[in-house]
Amino acid sequence: MVELDHSFTTDRPIDESWAAILDLDRLIPCVEGGRVLERTADDSAKAEIKVKMGAMSMTFTGTVEVIERDDAAHRAVMQVKSREAGGQGYANADVTFALADGGGTIHTEAQITGKAASMGEGVVVSVLDALVKDFTGKLATI
């Protein structure tokens with residue numbers, strides 16, 4: 001299990017940021033290599049992400065679902081469940097968003113197996129960390 005904490009800042013009003021985070025069609029493409037394949041409900045979608053880990057490039061497909069949502073506290077938990085295309089591995093994560101005026105925090109708990117995990121925890125952590133940092137930068141613009 002890998003745990004990461006990130007914060008982000010934005011000039012947008014908190015309600016605009018909250019609406020953007022809950023809009024999976026806008027949120028998922030903010031992850032580098034991520035795209036929505038199909039909306040399955042208001043709070044869930046089938047998605048795909050292409051990830052580069054060292055010399056390897058992997059594609060994971062699965063679901064992103066809002067499993068907890070507290071509108072008053074501007075806090076949401078999303079669950080990501082994905083499998084590596086053509087492989088045995090998976091990448092699952094619980095991602096907690098907590099918004100405040102001027103930004104917020106993202107807490108990620110990820111479990112990764114297969115080829116990606118075989119790269120070593122240091123590589124996994126640095127790739128995940130870079131993905132989330134890039135994501136937080138894009139969050140401010142959606």
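A few remarks follow.
- Per-pair calculated FRET efficiency, R0 = 30 Å: residue 40 and residue 113 via Cβ, rounded to 0.05: 0.80
- For the chain, built as a Gaussian network whose Cα springs stay under 10 Å, the top-fluctuating residue of 55, 91, 130: 55
- Largest GNM mean-square fluctuation among 24, 99, 37, using the chain with Cα springs under 10 Å: 37.
- Residue separation of residue 63 and residue 94 scaled by 0.36 nm, minus their Cα-Cα distance, works out to 10.0 nm of gained length.
- Residues of the range 31-64 with amide N under 18 Å of a point placed 7 Å along Cα→Cβ from residue 130: 31-34, 49-60
- Listed by chain and number, the lysines whose alpha-carbon sits under 24 Å from that of residue 138, ignoring those within fewer than 8 places in the same chain, are 46, 50, 52, 81.
- Principal-axis analysis of the Cα atoms of the chain puts helix 121-139 at an angle of about 30° to the longest axis.
None of the figures in this text is laboratory data; all of them are computed from the coordinates on show. Keep in mind that this is a model prediction, so the values were computed, not measured. Counting neighbours? That spans all protein chains shown, and the Cβs are built from the backbone with ideal geometry, glycine included.
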